[in-house]
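Working notes, beginning with the structure itself.
Just so it is clear, none of the values below were taken in a lab; they were calculated from the coordinates. The shown structure was predicted, so the numbers you read here are calculated from the model rather than taken from an experiment. Heads up, the Cβs are rebuilt from the backbone with ideal geometry, glycines too, and the neighbour counts pull from every protein chain shown.
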Ligand SMILES: Nc1ncnc2c1ncn2[C@@H]1O[C@H](COP(=O)(O)OP(=O)(O)OP(=O)(O)O)[C@@H](O)[C@H]1O
Ligand SMILES: [Mg+2]
């Protein structure tokens, strides 16, 4: 073969190769394009996924924070619940900064210290304190005089009873005014003459004769604070509590003077100190002793009047009745005929009575009945009138009421031991 022939042959094969190569390049380009497209779409989805992950993550963080907050709250609550309750005690004496004698609820005494956060100035004799259960360390001092029994005994609203609502006790009313109200309103009179007014006035009389009513009238008329407590409220379940209440009662009286303290049903704490052996009796006795001590600590003109009422003078401890304590005893007797008439007038004042009823007739037939019985008599008469469909209360209604009251009185009399009201 000639060389030219050879040359033209190799040129044609080269151009053939070139062709093939071009095709291949074209194919590769296509492939690249597709791959690029794929990469782009993968990038896109991964971006989307990343955003979604981010959102999920932040939601998870939020949830975590919420759970953490909840856990803290629960922990605090749990701490509160787990905190052991404190015991209540009373300071007997402060010996030094870290030696304080206290008494717990059962009357045992201990020497203890106070926690750092307790202000030593708050710790004084007879202050109530909160004690740690385990080591009896004083954890806090409780404020004085916050006992609801004592706080609630101050009469904020004046009772609507006035002296005009009390019948047949004119002498008693005069005596109460002289002995309770006068020393508060005009102490100079006593100073001028040089005598001390009575320290305490005791109203004594059978049930239902108007003792509580009288005290209410005093509260209404006296222009001063009136503190009323019923003896049984001072009788407490725990040792030392009754004595503390009495102390707080007199403390409140001193803070609010001029004032009148009225102790109703004094016999609940003032019964004779006999050979008692139950702890309950001894506790009542201690309350009484505290009352005696408080009354001794008073000067009669200290702007504080004390009235008490009882229907069992026979069982009262003599110590209560000696001079300097309840040294004026005022008898509130059962009403006599005139008294009964007045009481009936008071209680029938608002009643619609038939014209033929003469109420004074009844006062003659009501020996031995008390003011409360008379009031009851009027109510019963009204009840009979209602039952019988009368428009006014007629004589027959009053007659039936009298029979009913008498019957009740007789059945009651058979239960009461003789000589109770001496
Ligand atoms: N002298 C009176 N005048 C008018 N009403 C009276 C009189 N005495 C008693 N009453 C009536 O009887 C009710 C009961 O009286 P009160 O509560 O004062 O008796 P008390 O002497 O305190 O009895 P107790 O010793 O049982 O406590 C009074 O609310 C009143 O309606
Ligand atoms: Mg009474």
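List of remarks:
- Residue separation of residue 257 and residue 82 scaled by 0.36 nm, minus their Cα-Cα distance, works out to 58.6 nm of gained length.
- Stretching the chain fully between residue 29 and residue 319 yields a gain of 92.0 nm (0.36 nm per residue, less the alpha carbon separation).
- Taking all Cα pairs closer than 8 Å and separated by 6 or more residues, the relative contact order of the chain comes to 14 percent.
- Candidates 99, 16, 337: whichever shows maximal mean-square fluctuation once the chain is modelled as a Gaussian network with Cα springs under 10 Å: 16
- The length gained on full extension between residue 386 and residue 282, counted as 0.36 nm times the residue separation minus their Cα-Cα distance, comes to 32.3 nm.
- Taking only Cα atoms of the chain, radius of gyration then Dmax in Å: 46.3, 177
- Shape descriptor for the stretch 56-118: Rg over Rh equals 1.41 (Cα atoms; Rh from the Kirkwood inverse mean 1/r).
- Taken along the Cα-to-beta-carbon direction at a fixed 7 Å, the label points for residue 177 and residue 193 span 1.5 nm.
- FRET efficiency for the residue 106 to residue 368 pair, using the beta carbon distance and R₀ = 60 Å, is estimated at 0.80.
- The stretch 87-144 shape via C-alpha gyration tensor axes, a/c threshold 1.5: rounded
- Tail beyond 24 Å, pair distance distribution of the stretch 170-277 (Cα, percent): 33
- Ranked list, fewest to most other Cβ atoms within 10 Å of each Cβ, for 375, 341: 375, 341
- For the stretch 1-81, the gyration tensor built on C-alpha atoms gives a prolate shape. Its axis ratio a/c (a ≥ b ≥ c) is at least 1.5, and a/b is the larger of a/b and b/c.
- With the simple model of a label 7 Å out from the Cα in the direction of the Cβ, residue 46 to residue 93 spans 8.7 nm.
- With both labels modelled 7 Å from their Cα along Cα-to-Cβ, the residue 232 to residue 4 distance reads 15.1 nm.
- Shape of the stretch 295-355, Cα gyration tensor, a/c cut at 1.5: prolate
- With 5 Å bins from 0: P(r) over the stretch 337-413, alpha-carbon pairs, percent: 3, 17, 31, 27, 16, 6, 1
- From its DSSP helices (H runs of at least four residues, each -39,500 (n - 2.57)), the chain gives a residue-normalised ellipticity at 222 nm of -16000 deg cm²/dmol.
- DSSP beta bridge pairing in the chain, given as percent antiparallel to the nearest 5: 45
- Projection of the Cα convex hull of the stretch 150-331, averaged over all directions and equal to a quarter of that hull's surface, yields 10.1 nm².
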